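The values are calculated or read from the model by the stated rules, or taken from the named source; none is laboratory data. Everything numeric here is computed off the predicted structure, so don't read it as measured data. Glycine gets a Cβ as well: all are built from the backbone with ideal geometry, and neighbour counts include every protein chain shown. Accessible surface areas use protein heavy atoms only, side chains included; no ligands, DNA or RNA. Shrake-Rupley method; radii C 1.70, N 1.55, O 1.52, S 1.80 Å.
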Amino acid sequence: MAPFAKGEGREKNPWGQSEVNKMTQSQGSGAPFLSIVIPAYNESKRIEASIRDLVSFFKSAQYDLEICMVIEKSTDGTADMAKRLVEHEPHFKILANSVQKGKGYAVRTGMLSARGQIVFFMDLDLSTPLAEVFSFLGHFQSNPDTDIIIGSRQHAKSQIIKKQHPLRQKMGQTFNFLVQLFAVKGITDTQCGFKAFRQRTIQPIFTRQKIEGFSFDVEILLIAQKLGYKIDVLPVRWVNSPDSKVRIVRDSIKMFFDLLRMRRLVRRTFRALPLEKDQK
């Protein structure tokens, strides 16, 4: 059987059970094949719908998986609500951080706890539809030398179903230009919140990640490039969520200053945690 049963409205699953068995056995017994990390902060208004969609989409999974929701210290009872909603869902685990430091901190918490052979992180609003998991898994299967896959809204084949407000769109384009200038070369959309990693990349990247705010995506990609990992960029379907947690002025200024110090920060990180000989 395929890892996902064919369901209404779902795309053909590219993974055969033999491939799943091989990958699962290669990482040791007891670990899931797939992990999904989702950060959340003050999400009481939409967490129920998102959990419902996740449960529905993955209910036909024929192998072990884990969905890890990392909830920053919130003021609206998000963590308690999430725990109640997944009480009878064995695939879910809730990590309730005792502090609120930012999306980068929450993602790092989840990624370092994830045990899957393939580990995704994505946004709670599911702005990239869950069916895109299939295309990413298929790409990993067809390209065993690929270490990381990131979704890009700038890809020529991406489908932007609902666009951002023109102001946010323009600011995003400006940020991407600055990223190319000051940090990560060759990647035109670092901020799409839909990325997947082979397990072997998790510890080397996320133990080196320092930035706790929204510009952490740039940092982890810069670290990945420094480590020599192969990063592939795939098109995605994407639907803008109007409830973005990014504050246009305050967060944009902070992200700009993060970019200015990004390469210096990563150099300092690698002095503290140098490359292993087999990674040079």
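Residue by residue, here is whether (1) at pLDDT 95 or above; (2) over 20 Å from Leu227 (Cα atoms); (3) assigned to a strand (DSSP E or B); (4) among the hydroxyl-bearing types (Ser, Thr, Tyr) holds:
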residue	(1), (2), (3), (4)
Val99	no, yes, no, no
Thr109	yes, yes, no, yes
Asp125	no, yes, no, no
Ile150	yes, no, yes, no
Of the conditions (1) buried (at least 17 other Cβ atoms within 10 Å of the Cβ); (2) under 21 Å from Phe270 (Cα atoms); (3) at pLDDT 95 or above, Ala183 satisfies every one except a single condition; which number is it?
(3)
Do you know which residues across the stretch 161-180 are modelled with pLDDT of 70 or more and under 23 Å from Ile36 (Cβ atoms)?
Ile161
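Here is a yes/no grid of residues against (1) open to solvent by 50 Å² or more (accessible area, probe 1.4 Å); (2) within 23 Å of Ile205 (Cα to Cα); (3) in contact (Cβ under 8 Å) with a residue 40 or more places away in the chain; (4) not in a helix (DSSP H, G or I):
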| site | (1), (2), (3), (4) |
| --- | --- |
| Phe57 | no, no, yes, no |
| Glu66 | no, yes, yes, yes |
| Met81 | no, no, no, no |
| Phe121 | no, yes, yes, yes |
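Scan the stretch 226-257 for residues that are over 20 Å from the mean Cα position of the chain (by Cα) and modelled with pLDDT of 75 or more and jot them down. I'd like the intermediate steps shown before the answer.
Within the stretch 226-257, the subset over 20 Å from the mean Cα position of the chain (by Cα) is 247-250, 252-254, 256-257.
Correct list: Ile253, Lys254, Phe256, Phe257.
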Collect the residues in the stretch 201-225 that are over 13 Å from the mean Cα position of the chain (by Cα), open to solvent by 20 Å² or more (accessible area, probe 1.4 Å) and within 15 Å of Thr190 (Cβ to Cβ), keeping them in residue-number order.
Gln225
Identify all residues within the stretch 127-138 that are open to solvent by less than 40 Å² (accessible area, probe 1.4 Å) and part of a helix (DSSP H, G or I); write none if there are none.
Glu132, Val133, Phe134, Phe136, Leu137, Gly138
